[in-house]
Amino acid sequence: MTEATADTQFVPFDSSHIDGAMRLSRQARWPHRNEDWAFMMLISHGLAACRDGEVIGTGFATLFDEHTASISLIIVDAAMRGKGFGRELMNRLLDVAGARESRLVATPDGLSLYQKLGFREVRKIHQHQAVISNVTHPDGVGWWSTPDVAHLVALDRAAFGADRSAIITRACELGEVAVLGASGTPSAFAIVRPFGKGKVVGPVIAQGEAQAKALIAFALAENEGSFMRTDVPQDCGLSPWLEGLGLVCVDRVVAMVRQPHPASTQPRSRVFGLFNQALG
């Protein structure tokens, strides 16, 4: 702990910190709602940095399984940046993650710190969003009225390389599941749920680009007139197509990994759309 952070309390994030977190996310121009912070609080180990009763920093470590974790929502009040708060939050969260592979998505402000802590770039992520109009419904895609969550978790695990069962289960409760293939044994899926200014399409789990496009197009067509967002890996090939549908690429960030687990490098199905930037 640095001299600057010595009089700051680093405490478990709970519901009493959400208002302060909302202030920080508005300051950073992030779209998070109270509900989005509450979602992260329920599935993660959160930290709040507090000084004189005010939240001046946040961070979360989400432990997917014994091999993989995600570090996210690292925000420090603009007036407190450059004083060691971000590093202190990261060090504490990496202690929570332990020997697990740690993943994160870096904004330009945090990139240098994450590199110093041993994170390495693995890909770029493109954030696309727009109010939807004139998207044609594809054939062979529909809403799964009673989704088999265990099946969705298995498809997601094969693509993501870690067990996100708690996240997928909660997302199914909050949103709708678009599936490709016969109901009961779909080969691909996308979850559409409220987030930020409107709704997010993600994760999108598919075996190829054509499946991913069908799922996303269906989700967009079903939400005509709504503000929609999807975050896609740069190398998945979907960005030009999304631009053609009117979903502008408004941001590009860097996905990074620290202590990669050998299992995560094995071939697997593809994540074409992220759950969100915090959780991959």
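The values are calculated or read from the model by the stated rules, or taken from the named source; none is laboratory data. Not measured: the values here are computed from a predicted model. Using ideal geometry, Cβ is built from the backbone for each residue, glycine included, and neighbour counts are taken over all protein chains shown. Surface areas here come from the heavy atoms of the whole protein model, side chains and all, with no ligands, DNA or RNA. Shrake-Rupley method; radii C 1.70, N 1.55, O 1.52, S 1.80 Å.
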First in the range 99-128 and in contact (Cβ under 8 Å) with a residue 40 or more places away in the chain and β-branched (Val, Ile, Thr), second anywhere and part of a helix (DSSP H, G or I) and open to solvent by 70 Å² or more (accessible area, probe 1.4 Å), Cβ under 8 Å, 6 or more apart: 125/234
Residue under evaluation residue 270, criteria (1) touching a helix residue (DSSP H, G or I) at 6+ places or on another chain (Cβ under 7 Å); (2) within 19 Å of residue 68 (Cβ to Cβ); (3) open to solvent by less than 20 Å² (accessible area, probe 1.4 Å), criterion not met: (3)
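For the range 138-154, which residues satisfy the criterion of being surrounded by 13 or more Cβ atoms within 10 Å (Cβ to Cβ) and closer than 16 Å to residue 213 by Cα?
Taking the range 138-154 as the starting set, the residues that turn out to be surrounded by 13 or more Cβ atoms within 10 Å (Cβ to Cβ) are 138, 141-144, 147-149, 151-154.
Listed by number, the residues that qualify are 138, 141, 142, 143.
So which residues in the range 184-211 are aliphatic (A, V, I, L, M), under 18 Å from the mean Cα position of the chain (by Cα) and farther than 20 Å from residue 145 by Cβ?
200, 206
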Pairs, first within 15 Å of residue 191 (Cβ to Cβ) in the range 206-222, second part of a helix (DSSP H, G or I), C-beta under 8 Å, six or more apart: 206/212; 206/215; 212/236; 216/242
From 153, 149, 204, 135, residue being touching a Cys at 6+ places or on another chain (Cβ under 6 Å) and of a type in the set (Val, Ile, Thr): 149
